[in-house]
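A short worksheet on the structure shown next.
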Amino acid sequence: MIERIKELAGGRIVVASGDITEFDGDAIVNAANSSLLGGGGVDGANHRAAGPELLAACKELRATRLSGGLAPGEAVLTPGFRLRARAVIHTVGPVWRGGEADEEATLARAYQSSLALAAREGFHSLAFPAISTGVYGYPPSRAAPVAYRTVLTFLAGSALPETVWLVFFRAQDAGVFLEALGSVLNPPPHGRALRSHTP
Ligand code: AR6
């Protein structure tokens, strides 16, 4: 079950927890690797739930337009096969190397490319896992503002997707996300700070 935890951006962003393979909407994003041939984490779960047709579709992409694999930050579409979601958008996040290897820009591009592909496909609802924060080691509290700002900026310029779900595997991961956004969501009130300095 996917549990809705909080709505942000006037309801266009839904923070939720649960198993993303259960998402009932237009598309889910898969945190894949460049090979597109499956792996652990959410990628493994998505392949198990979608059935062997998903791996076959990924192999077909590798044999044709993605012979060199999918570069970090890019996104590609397949059907959802046995998933409830109609489609899977595969993207590759950065491997965390301490923050000095353009990880932030690559993570933002992974979200941005996935959103752009969803908009082009006319998708109304899209669910993201917390890209790169598992096997790839990106600290969740550092990934949070990057993910949130990138989605917010994209939605400000596009009517689609109407709703973007950020689905965290465990409720506590959603808590870490919301806590990390604290100052982004609730900037300190300007007026009060100014007044306290006024003689
Ligand atoms: N639903 C929602 N979130 C999930 C699920 C699920 N069913 N399962 C795991 N997560 P990861 P990455 C969360 O490692 O860091 C794979 O082997 C998990 O708790 O899946 O981008 C790929 O093939 C974490 O918060 O992805 C790549 O080789 C988040 O999903 C590599 O891992 C991302 O964790 C990609 O690593």
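The values are calculated or read from the model by the stated rules, or taken from the named source; none is laboratory data. Everything numeric in this text was worked out from a predicted model, so none of it was measured. Note: ideal-geometry Cβ built from the backbone for every residue, glycine included; neighbour counts use all protein chains shown. Calculation scope for accessible area: heavy atoms of the full protein, side chains included, ligands and nucleic acids excluded. Shrake-Rupley method; radii C 1.70, N 1.55, O 1.52, S 1.80 Å.
Taking the dipole about the Cα centre of the chain, with the C-beta of Lys and Arg at +1 and of Asp and Glu at -1, give me whichever of S132, G10, V42 is farthest to the positive side.
G10
Could you work out the local net charge near E103, counting Lys and Arg as +1, Asp and Glu as -1, over the other residues with Cβ closer than 10 Å to its Cβ?
Numbers: positive: R97, R142; negative: E100, D102, E104.
Around E103, the surrounding residues sum to -1.
Set the Förster distance to 41 Å, then compute FRET efficiency between N186 and K59 from the Cβ-Cβ distance, nearest 0.05. All intermediate terms of the calculation are to be shown ahead of the outcome.
Values: r = 47 Å, r/R0 = 1.14.
For N186 and K59, the calculated efficiency is 0.30.
Local charge sum around R48 (other residues, Cβ-Cβ under 15 Å, Lys/Arg +1, Asp/Glu -1)? Intermediate results must be reported in sequence, preceding the final value.
Values: positive: R82, R84; negative: D19, E22, D43, E53.
Counting the neighbours of R48, the net charge comes to -2.
Can you pull the one-decimal nm distance between simple spin-label points at E104 and T153, each 7 Å off the Cα toward Cβ?
Placing both labels 7 Å along Cα→Cβ, they lie 1.1 nm apart.
Which residue, S183, S35, S113, has the most motion in a Gaussian network model of the chain that connects Cα atoms within less than 10 Å?
Most flexible of the set in this elastic network: S183.
What net charge do the residues around T21 carry, taking every other residue with its C-beta under 13 Å from that of T21, with Lys and Arg at +1 and Asp and Glu at -1? Let's see the in-between values first.
Values: positive: R48, R82, R84; negative: D19, E22, D24, D43.
Surrounding charge for T21 is -1.
Taking the solvent-accessible surface of protein heavy atoms with a 1.4 Å probe, what is the per residue accessible area of the chain in Å²?
On the way: 9910 Å² over 199 residues.
Averaged over the residues of the chain, the accessible area is 50 Å².
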